[in-house]
Amino acid sequence: MPHLSSLLNRKTRTLLVFIGVFVFSVFKAFAYEPEELLNTDTLSTKKAEEKKGFNAGHLITEHISDAHEWHLFGEGEHAVSVPLPIIIYDEAKGWSVFLSNKLEHGKTYNGYKLEENKIVAAEEIGVGEEDVVEDASTNSINNIWDFSITKNVLALLFSAFLMLWLFTSVAKAYKQRGSQQAPKGLQSFMEPLIMFVRDDVAKNSIGEKKYEKYMPYLLTVFFFIFINNLLGLVPIIPGGANLTGNIAVCMVLAVFTLVVVLISANGHYWRHIFAMPGVPIPVLLILTPIELIGVVLRPFVLMIRLFANITAGHIIALAFFSLIFIFGEMSAGAGLGVAVVSVLFTVFMGFLELLVAFLQAYVFTLLSAIYIGAAIEEGHHQHDEHHAHDTKLSEAQIDII
Amino acid sequence: MELVKPDIGLIFWMVVTFSIILLLLKKFAWKPILNMIKERETSIDNALKSAEQARKDMQSLKSSNEKILAEARNERESMLKEARDTKEAIINEAKAKAKSEAERMIAQAREAINSEKMAAISELKTQVATLSIDIAEKILKEQLSSDEKQKIVTGSLVQEVTLN
């Protein structure tokens, strides 16, 4: 039976879908240019290095990818950046820890150097035959484990401390003010969000009875993504790292969801994967592998969605700014003219990104909750199918986003 | 491409950091916050319920008040009615008594008048009798004063007797 509230929810969901489609089409329209720039960049790196002009592709890749230093301003030899600690484990040499400024501008330290943001063993000069050197270097490339505190790791640690500080102080406010007083300040800002995750995400998708157990995970995921999305929009340190647009971060988040789903999955869930009731055995031979792929595919899509949305947002903002300098190189007037348009568009994109920051956090949390809900669902059939249908529907809607 | 290749170092730090914030926030933030929110919700719930109860109580109190008031009004009414009745009864009784008294007195007076009248009449009768006798005596004396006159009387008397 669709209650009124769920109908309403569906309405808001469709609205979100429309917004999402709109955002996505904007992304697609504008993502074309930087992508091309990126391609030309990677294909002809040498050419780009020789060219002494503005290179948008290089700028964008640098901003959205991880780094061993935190670049502040300046280019090339005059670049000013915050050095970050490098922690590497070399299977041959063991652990070594040093600051990244020892490797800046292509310097070699302790037998290591930075090559396209990767730490590799430097070729030792004067070690006889080429074959041996090549062998050694390929070996050590494979054997270096990089646990450095990179830009993204620092941003991650910063956001972790920020979250701990934010929510322990909110918790303290709750303890101080007790249950009889209305929330105030930061507490009253967070409460609607917490209630939103609890009532609209957890209760709806997992069910009134069992949602409480998963609340800590859902809240942590929601606020982790939301806060880091917002921090990613802040252009200055400690914001500006493309953390939630990093594939490793998204992957870990998705794997956490997968683990939670697999741990809480009940017999009913497994039975539906390995032996869907009412399905003949020959069909099961096809269905079961599909279902098994589905189990892994869902978190995979979660990962890709978050990664692509956030990264695309960063690329677009940077592409708009790059346009100013590309035209500026042609003539100052063109640069200024484009600057007006670019800034306006970037402001517009900034607002869209604010929406996307919330939307992606919401979508990730909602889908996690739906997967958990599906995993712990008890099997009374009539109702079951209804629910499954509902889940599939909302999943399809969200997939458009 | 570099962008879609997950970096082992970042994965490691992410797993460590995320696990730690998950555990710490669970213990120090989400549990107390969610508990407090729930507590507040139940207390608001209870407050609403008790307000509703109070409203109902009030209503029943009001209706019982009205009932009492109505009863009092009825009581007053009946008391007033009784008083009026009593008054009426007393007045009626008094009237009746007065009437009967008056009647009694009138009867008495009438009796007294009657007896007085009787006495007067009998006295009058005696007086008249004496007077009549005196008059008859005088007449007789006069009529029989001479012989002639005695003869006339006796003659008429004798005549009357024979005629019968």
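Numbers at a glance
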quantity: Some residue of region A:265-279 being within 25 Å of A:G239 (Cβ to Cβ), touching a helix residue (DSSP H, G or I) at 6+ places or on another chain (Cβ under 8 Å), among the polar types (S, T, N, Q) and modelled with pLDDT of 85 or more; calculated: no
quantity: Single residue of region B:6-16 satisfying the filter (within 7 Å of chain A (Cβ to nearest Cβ) and part of a helix (DSSP H, G or I)) that is surrounded by the fewest Cβ atoms within 10 Å (Cβ to Cβ); calculated: B:I8
quantity: So B:S19, is it farther than 30 Å from A:A182 by Cα, of a type in the set (S, T, N, Q), more than 14 Å from chain A (Cβ to nearest Cβ) and assigned to a helix (DSSP H, G or I); calculated: no
quantity: Enumeration of residues in region A:271-304 that are of a type in the set (F, W, Y) and in contact (Cβ under 8 Å) with a residue 40 or more places away in the chain; calculated: A:F300
quantity: 1 or more residues within 21 Å of B:L10 (Cα to Cα): qualifying helices (runs of 4 or more DSSP H) within region A:231-347; calculated: A:247-264, A:281-330
quantity: Pick from region B:36-58, criterion more than 14 Å from chain A (Cβ to nearest Cβ) and basic (K, R), ranking: farthest from A:P192 (Cα to Cα); calculated: B:K56
quantity: Residue match in region B:36-52 (condition: surrounded by 10 or more Cβ atoms within 10 Å (Cβ to Cβ) and touching a helix residue (DSSP H, G or I) at 6+ places or on another chain (Cβ under 8 Å)); calculated: yes
quantity: Qualifying residue in region A:192-202 (condition: at the interface with another protein chain (Cβ under 10 Å from one of its Cβ atoms), part of a helix (DSSP H, G or I), surrounded by fewer than 17 Cβ atoms within 10 Å (Cβ to Cβ) and of a type in the set (A, V, I, L, M)); calculated: yes
quantity: Residue check, B:L61 under 24 Å from A:W165 (Cβ atoms) and either without any contact (Cβ under 8 Å) to a residue 60 or more places away in the chain or more than 8 Å from every other protein chain (Cβ to nearest Cβ) (or both); calculated: no
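The values are calculated or read from the model by the stated rules, or taken from the named source; none is laboratory data. Given the structure is predicted, the values throughout are model-derived calculations rather than measurements. In this analysis, Cβ positions are derived from the backbone assuming ideal geometry, glycine residues included, and neighbour counts consider all displayed protein chains.
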